[in-house]
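**Q** One structure is given below, represented as structure tokens, and several questions about it will come after.
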Amino acid sequence: MQRCDYCGRSVYKNVSGTYVLCSSKCKKKHKNRIYMSDLEQKILSLMADGITVTEIDLIVEDDKFDIVSAVRRLVYFDKILFKKTRTEINLLTRIFTKRK
Ligand SMILES: [Zn+2]
């Protein structure tokens with residue numbers, strides 16, 4: 001399954017030639033790599049084991065779409081954070097700092 005390089009969702013139609021991106025919104029946001037990596041670092045620094053994406057959103061206070069996207073990248077691509085369910089990551093998903 002191909003995942004969007006920005007939001008981490010599965011891609012039905014790739015809108016980019018160079019990257020895998022699911023929408024013009026993600027294509028635009030993907031250009032700002034510094035913001036992407038800053039937000040990932042911010043999430044990692046505030047991360048507590050087993051909290052939900054909604055709780056991360058309340059702590060980090062950035063745009064909700066950007067936060068969920070960063071969490072998906074950290075889980076699906078970087079494999080720094082983990083989930084214990086098979087379902088796709090949404091606001092209710094619990095995220096863990098350790099695999100087990
Ligand atoms: Zn996307």
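The values are calculated or read from the model by the stated rules, or taken from the named source; none is laboratory data. Bear in mind the structure is a predicted one, so any value in this text is a computation, not a measurement. Using ideal geometry, Cβ is built from the backbone for each residue, glycine included, and neighbour counts are taken over all protein chains shown.
**Q** Do any residues in the stretch 6-30 that are touching a residue at least 24 places away in the same chain (Cβ under 8 Å) have Cβ atoms under 7 Å from those of residues that are assigned to a loop (DSSP other than H, G, I, E, B) and of a type in the set (Asp, Glu), where the two are at least six apart or on different chains, and which pairs are they?
**A** Listed pairs, sorted by first residue: His30/Asp5.
**Q** Counting only residues that are assigned to a helix (DSSP H, G or I), within 9 Å of the ligand (Cβ to nearest atom) and not basic (Lys, Arg), how many does the stretch 19-38 have?
**A** Going through the stretch 19-38 one residue at a time, the tally reaches 2.
**Q** Check the stretch 28-43 and report whether any residue there is on the phi > 0 side of the Ramachandran plot and either aromatic (Phe, Trp, Tyr) or surrounded by fewer than 13 Cβ atoms within 10 Å (Cβ to Cβ) (or both).
**A** no
**Q** How many residues are in contact with a Gly (Cβ under 8 Å, 6 or more places away or on another chain) and not β-branched (Val, Ile, Thr) if we restrict to the stretch 29-75?
**A** 3
**Q** For the condition in contact with a Leu (Cβ under 7 Å, 6 or more places away or on another chain) and of a type in the set (Phe, Trp, Tyr), what is the one hit in Tyr6, Tyr76?
**A** Tyr6
**Q** Then there is this: For the stretch 56-86, enumerate the residues that are over 13 Å from Lys42 (Cα atoms) and either modelled with pLDDT under 95 or assigned by TED's automatic domain parsing to the domain that holds Tyr6 (or both).
**A** Thr85, Arg86
**Q** If you go through the stretch 69-84 one residue at a time, do you hit one that is away from the ligand (no atom under 11 Å from the Cβ), assigned to a loop (DSSP other than H, G, I, E, B) and either polar (S, T, N, Q) or touching a residue at least 40 places away in the same chain (Cβ under 8 Å) (or both)?
**A** Within the stretch 69-84, none of the residues are away from the ligand (no atom under 11 Å from the Cβ), assigned to a loop (DSSP other than H, G, I, E, B) and either polar (S, T, N, Q) or touching a residue at least 40 places away in the same chain (Cβ under 8 Å) (or both).
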